[in-house]
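The values are calculated or read from the model by the stated rules, or taken from the named source; none is laboratory data. Since this is a predicted model, take the numbers as computed values, not measurements. Here Cβ is always computed from backbone atoms with ideal geometry, including for glycine, and neighbour counts include all displayed protein chains. To get the accessible areas, we keep the full protein, side chains included, count just its heavy atoms, and leave off ligands, DNA and RNA. Shrake-Rupley method; radii C 1.70, N 1.55, O 1.52, S 1.80 Å.
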Amino acid sequence: MEIASAGFPVRTRSQITAPSIAQRKGAPEPLVMVTAYDAPSARVVEAAEADMILVGDSLAMVVLGYDDTMQVTTEDMAHHVAAVARTKPKALIVGDLPWMSYHVDRAETVRNAATLVRAGAGAVKLEGGRKRLDSIQAILDAEIPVMGHIGLTPQSVLALGGFRVQGRQLDAAQRIVDDAMALVDAGCFAIVLECVPDGLARMVTDSVTVPTIGIGAGRHCDGQVLVYHDLLGMCDDARRAPKFVRQYADLEHSAVGAVSAFVADVRNGSFPSSSETYHMTDSMNQALDLYATNPK
Ligand code: KIV
């Protein structure tokens, strides 16, 4: 084990790919995916040895300040995928295809998926079940691995009438199981299951041959994903975190404390101190004083 300069232990690990994720179906150690949107967050997620970095369209809310995910474009996503990719993580980078990037036609869908791959993604994710099979096939035909996403699909928030748990009724639960099986038949290498009851998540996980990655789907999935800003407590107080978020730090309040201390130090004159200042030699000071009183 090597020790990185920041003092964190780093295991040397090999590049994680979509096929290597697919092979971990049913492995005893669950898969871990965490979102990241820029180089600093990607470095943190990589140092923590997550298996996958999802450059999610949650970017819209947690980084860009929008109210929902429907405001981001393929260009926005590519910009942030590229920032993550520049850190060269071993974790698989999954680029989220935003709303309207895979809804129009096959050619546009493939071009948008390719834009994320050219920016550095090793796979793309898109939302929806059987009605997305055509888009998934087109992207797979271009040799780009696809991760599915069913259950609560935030890009459908208007059609769903809000962010709420999906699959509570029998027919809705059956549709989710059928969607999951169709995504696997189409060739998805993994499936995100968002906000579904744990019994349904277990049934889907037992029914499919690729890993399920849960968020608000209980403990029976093959892996778990959380949003970086949620788990670190970097959230707008107005945006209440859902109950499935476990918050491991309170960075928003720590950061406010640190910046407030800087503001106070500037105002009370204690910043910058002598040791935080570049000084001239005494002879240079004298020469400059002379010059200032008697310029050429
Ligand atoms: O965009 C995102 O962060 C996601 C996760 C919630 C799975 O899609």
Q | Simple spin-label estimate for ASP282 and ASP265 in nanometres, 7 Å along Cα-Cβ | A | 2.9 nm
Q. Quick one: accessible area per residue over segment 2-249, 1.4 Å probe, rounded to a whole number of Å²?
A. 47 Å²
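When the accessible area of the chain is split by element with a 1.4 Å probe, what percent falls to carbon and sulfur?
Exposed carbon and sulfur together represent 55 percent of the surface.
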Q: In whole angstrom, note down how far apart the Cα centers of segment 196-237 and segment 240-258 are.
A: 19 Å
Q.
Please report the antiparallel percentage of the DSSP beta bridges confined to the chain, to the nearest 5.
A. 10 percent
Q) What angle, in degrees between 0 and 90 and rounded to the nearest 10, separates the Cα long axis of helix 170-186 from the longest principal axis of the Cα atoms of the chain? A) 80 degrees
Q | Cα gyration tensor shape of segment 2-249, rounded if a/c is under 1.5, else prolate or oblate by comparing a/b with b/c | A | rounded
Q) Taking the Cα-to-Cβ direction at ALA172 and at ARG246 and moving 7 Å from each Cα, how far apart do the two end points lie in nm? A) 2.7 nm
Q. Relative to the present Cα-Cα distance, how much length would full extension add between ALA142 and ASP67 at 0.36 nm per residue of separation?
A. 23.7 nm
Q) Mind listing which trypsin sites (Lys or Arg not before Pro) in segment 167-245 are in a DSSP loop and have 13 or fewer other Cβ atoms within 10 Å? A) ARG168, ARG219, ARG239, ARG240, LYS243
Q: Pairs of Cα atoms under 8 Å, at least six residues apart: use those to get the relative contact order of the chain, whole percent.
A: 14 percent
**Q.** Estimated vicinal HN-Hα couplings, Hz - segment 141-148 in sequence order (Karplus 6.51, -1.76, 1.60; Gly, Pro = x)
**A.** 4, 8, 6, 10, x, 10, 9, x
